[in-house]
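Quick notes on the structure that follows.
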Amino acid sequence: MFDSQPKVIDESRQGEAIALDSSPDSGKKLYIESYGCQMNFSDSEIVASILTGAGYSTTRDEQEAEVVLINTCSIRDNAEQRVRNRLHHFHARKRRQPGLVVGILGCMAERLKSTLLEEEKIVDLVVGPDAYRDLPNLIGEVESGQKAVNVLLSREETYADISPVRLDQNGVTGFISIMRGCDNMCSFCVVPFTRGRERSRNPETIVHEAKYMFDQGYREVTLLGQNVDSYRWNITKKNEVIDPEQPTVNFAQLLEKVALAVPEMRIRFSTSHPKDMTDDVLETMAKYHNICKYIHLPVQSGSTSVLKRMNRGYSREWYLNRIAAIRRIMPDCAISTDIIAGFCGETDAEHADTISLMRNVAYDFAYMFKYSERPRTLAERKFEDDVPEEVKQRRLEEIIELQMENGKASNERAVGKTFEVLVEGPSKKSDAEWCGRNSQNAMVVFPKGDFEKGSYIHVEINACTAATLKGEVVPS
Ligand code: SAH
Ligand code: SF4
Ligand code: F3S
């Protein structure tokens, strides 16, 4: 899902309608549109599973929908603005189709709670990320003429027993959420407020889901969590074992379990946190061929003083030490990051530290953002959002320009090398070409041949653009 072209993005994916091809007359028609991070897309698959279980059928065509659900993101202000425009669009449609049910799910639902219902009156239904099991019941309430809200956050809910209805389109790559919520109070971030406390999912259900996906033809799974390195099962944060009769499982052990359970399936994960990423995880990655050699390690800033204000829990030196550990243990590992330009109080010298860190690490890929103040966060309460808009913009542009160079250099280094590629399907740009990713997560395009989607081939890279590698298939 990570695009390999450096660019500014507001969310990793935006407003995709996702649906199954279901038979035309089975049950009420549900349309789900998703915004935000991979966890939200994964949640939409859980929602689809709950509602198809209650007799609904999904559609990709919003025109034929009887229930419209928008799964939303609050991470930056412009993410919310985009969703508001969509809500107004659907609200207007209710004039033509009065029975239409319009609901808001996800992080914006959790953040704004009933205000969208009571003050703005643009939706019928507001459901937070831990309340999706209640959806059939809540939609029923709306249909009987009431407005419905459930934004209760839970300390336990992981939807562990729900097998998601896979809504993605290629049938080769998919996700499994391994944990929910976040306990890190990064001062800029709204996620702890919208997703609640961190909790990990039973490892047996994760392994079971991975095997099931493999049997369905999937060949790559991404294990998802806001901070996968703090995954823990049967052990508290203070290292107290909960049930001495049962084994404890940390993230490195979970990775190993999944790698062994589905040896022909690629495993990726997101997101790692620099303060928690252990050498154990890196060594497990190095040990198993099917764990992809790619780490997304968000740095946010290259300045220790900014990192401190961000409450990230690490310094520039600590971060660079983690990068050195990756390079030592897996010299062929690709590294990507997230960077925020213009956080509260950021000086020119602090910004220069971000630039120098980027030069030092030479990221293969980066997501780059302007700081956007979020209500209730520590930064909103403690600091002033005082970097002028034009300075934020200039700093962001400088960061993007450098990343363009780094990304290009990364692709150029791949030319002449041969990679194992998982065939995902036809390339978007040309019927004569197919595409897939290498272990390092770079998109590789190659001439169409007699390959099956989901098979592994070897491609020798002979050219590249800013976004993709191009090559010829060579014997495996
Ligand atoms: N859990 C992940 C991040 C999830 S949010 C982690 O800790 O890395 C994805 C990215 O959005 C963050 O890494 C950060 O770069 C960006 N982001 C979060 N809050 C933001 C804000 N208020 N303004 C701008 N960017 C923000
Ligand atoms: Fe937000 Fe920090 Fe948690 Fe990531 S680790 S979701 S940035 S609070
Ligand atoms: Fe957005 Fe919520 Fe994900 S705020 S980034 S959808 S956890």
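Every residue in region 110-161 that is among the charged types (D, E, K, R), over 21 Å from residue 88 (Cβ atoms) and not in a helix (DSSP H, G or I), please. If you could, list the steps in order and put the result at the bottom.
Kept after step one, since they are among the charged types (D, E, K, R), are these residues of region 110-161: 110-111, 113, 118-121, 124, 130, 133-134, 141, 143, 147, 155-157, 161.
Subsequent filtering for residues that are over 21 Å from residue 88 (Cβ atoms) retains 130, 133-134, 141, 143, 155-157, 161.
The answer is 130, 155, 156, 157, 161.
Residue count for region 231-270 satisfying the condition of being over 21 Å from residue 176 (Cβ atoms) and in a strand (DSSP E or B): 1.
So, of the residues in region 172-187 that are assigned to a loop (DSSP other than H, G, I, E, B), open to solvent by less than 30 Å² (accessible area, probe 1.4 Å) and away from ligand 3 (no atom under 12 Å from the Cβ), which turns out to be nearest to residue 380 (Cα to Cα)? So that I can check it myself, show each step before the final result.
From region 172-187, those assigned to a loop (DSSP other than H, G, I, E, B) are 172, 178, 181-187; that's our starting set.
From the residues that got through so far, the ones that are open to solvent by less than 30 Å² (accessible area, probe 1.4 Å) too are 172, 178, 181-182, 184, 186-187.
Checking the rest, the ones that are also away from ligand 3 (no atom under 12 Å from the Cβ) come to 172, 178, 184, 186-187.
On the way: 172: 42, 178: 30, 184: 16, 186: 12, 187: 8 Å.
Selected residue: 187.
For region 208-226, the candidate set comprises residues that are within 16 Å of ligand 1 (Cβ to nearest atom) and of a type outside the set (A, V, I, L, M, F, W, C); within that set, the residue that is most open to solvent (accessible area, probe 1.4 Å) is 226. Of 35, 56, 31, all but one fail to be in the same structural domain as residue 144 (by TED's automatic domain parsing), within 16 Å of ligand 1 (Cβ to nearest atom) and crowded, with 21+ Cβ neighbours inside 10 Å; the exception is 35. Is it the case that region 219-230 has a residue that's more than 30 Å from residue 425 (Cα to Cα) and part of a loop (DSSP other than H, G, I, E, B)? Yes: region 219-230 contains one or more residues that are more than 30 Å from residue 425 (Cα to Cα) and part of a loop (DSSP other than H, G, I, E, B).
Would you confirm, using the coordinates I've provided, whether residue 79 is in contact with a Gly (Cβ under 9 Å, 6 or more places away or on another chain), open to solvent by less than 10 Å² (accessible area, probe 1.4 Å), in contact (Cβ under 8 Å) with a residue 60 or more places away in the chain and part of a helix (DSSP H, G or I)? So residue 79 passes the test.
Entry remark, region 245-273: residues being among the small types (Gly, Ala, Ser) and away from ligand 1 (no atom under 16 Å from the Cβ) number 3 in total. Against the definition (within 14 Å of residue 228 (Cα to Cα), within 20 Å of the chain's Cα centre (by Cα), in the same structural domain as residue 192 (by TED's automatic domain parsing) and surrounded by fewer than 21 Cβ atoms within 10 Å (Cβ to Cβ)), how does residue 271 come out, yes or no? Considered against the rule, which asks whether it is within 14 Å of residue 228 (Cα to Cα), within 20 Å of the chain's Cα centre (by Cα), in the same structural domain as residue 192 (by TED's automatic domain parsing) and surrounded by fewer than 21 Cβ atoms within 10 Å (Cβ to Cβ), residue 271 comes out as yes.
Does any residue of region 227-244 turn out to be closer than 17 Å to residue 268 by Cβ and more than 16 Å from ligand 1 (Cβ to nearest atom)? So that I can check it myself, show each step before the final result.
Applying the first criterion (closer than 17 Å to residue 268 by Cβ) to region 227-244 yields 227-229, 231.
Among the residues that remain, those that are also more than 16 Å from ligand 1 (Cβ to nearest atom) are: none.
Within region 227-244, not a single residue is closer than 17 Å to residue 268 by Cβ and more than 16 Å from ligand 1 (Cβ to nearest atom).
Considering only residues that are in contact with a helix residue (DSSP H, G or I) (Cβ under 7 Å, 6 or more places away or on another chain) and among the small types (Gly, Ala, Ser), look in region 179-207 and name the one that is farthest from ligand 1 (Cβ to nearest atom). Looking at residues that are in contact with a helix residue (DSSP H, G or I) (Cβ under 7 Å, 6 or more places away or on another chain) and among the small types (Gly, Ala, Ser), I get 181. Identify the residue in region 383-405 that is surrounded by 13 or more Cβ atoms within 10 Å (Cβ to Cβ) and farther than 22 Å from residue 360 by Cβ and, among all such residues, is farthest from ligand 3 (Cβ to nearest atom). My answer is 391. Considering only residues of region 59-76 that are in contact with a Ser or Thr (Cβ under 7 Å, 6 or more places away or on another chain) and part of a loop (DSSP other than H, G, I, E, B), which is farthest from ligand 1 (Cβ to nearest atom)? Here the residue is 65.
Got a sec? Which of 448, 408, 429 is modelled with pLDDT of 95 or more, charged (D, E, K, R) and surrounded by fewer than 19 Cβ atoms within 10 Å (Cβ to Cβ)?
408
Sub-6 Å Cβ pairs linking a first residue in region 92-111 that is touching a residue at least 24 places away in the same chain (Cβ under 8 Å) and assigned by TED's automatic domain parsing to the domain that holds residue 44 to a second residue that is basic (Lys, Arg) and open to solvent by 10 Å² or more (accessible area, probe 1.4 Å), at least 6 apart or interchain, are 100/94, ordered by first then second residue. Restrict the check to region 325-335 and report whether at least one residue is within 16 Å of ligand 3 (Cβ to nearest atom) and on the phi < 0 side of the Ramachandran plot. Checked against the condition, which is being within 16 Å of ligand 3 (Cβ to nearest atom) and on the phi < 0 side of the Ramachandran plot, region 325-335 yields no hits at all. Restricting the first member to region 309-320 and to residues that are touching a residue at least 12 places away in the same chain (Cβ under 8 Å), and the second to residues that are of a type in the set (A, V, I, L, M) and away from ligand 2 (no atom under 14 Å from the Cβ), the beta-carbon pairs closer than 7 Å and six or more apart or on different chains are 316/357.
Test residue 198 against the stated conditions and say whether it is touching a Cys at 6+ places or on another chain (Cβ under 6 Å) and among the acidic types (Asp, Glu). For residue 198, the condition - touching a Cys at 6+ places or on another chain (Cβ under 6 Å) and among the acidic types (Asp, Glu) - is met. Checked against (1) open to solvent by less than 40 Å² (accessible area, probe 1.4 Å); (2) free of Cβ contacts under 8 Å to residues at least 60 places away in the same chain; (3) touching a strand residue (DSSP E or B) at 6+ places or on another chain (Cβ under 7 Å), residue 156 passes all but a single condition, namely (1).
Every residue, every condition in (1) more than 16 Å from ligand 2 (Cβ to nearest atom); (2) in contact with an Asp or Glu (Cβ under 6 Å, 6 or more places away or on another chain), yes or no:
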site	(1), (2)
275	no, no
286	yes, no
302	yes, yes
320	yes, no
323	yes, no
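Filter region 274-291 for residues that are out of contact with any Leu (no Cβ under 6 Å at 6 or more places or on another chain) and open to solvent by 10 Å² or more (accessible area, probe 1.4 Å) and give the result. The answer is 275, 276, 278, 279, 280, 283, 286, 287, 288, 289, 290. Which residue pairs have Cβ atoms closer than 9 Å, lie 6 or more positions apart in sequence or on different chains, and pair a first residue in region 181-200 that is in contact (Cβ under 8 Å) with a residue 12 or more places away in the chain and more than 6 Å from ligand 2 (Cβ to nearest atom) with a second residue that is of a type in the set (Val, Ile, Thr) and outside any loop (DSSP other than H, G, I, E, B)? Every condition considered, the pairs that remain are 181/191; 188/340; 200/249.
The values are calculated or read from the model by the stated rules, or taken from the named source; none is laboratory data. What you see is a predicted model; the values in this text were computed from it and never measured. Every residue, glycine as well, gets a Cβ built from its backbone with ideal geometry; the counts of neighbours run over all protein chains shown. Note: areas computed on protein heavy atoms with side chains; ligands, DNA, RNA excluded. Shrake-Rupley method; radii C 1.70, N 1.55, O 1.52, S 1.80 Å.
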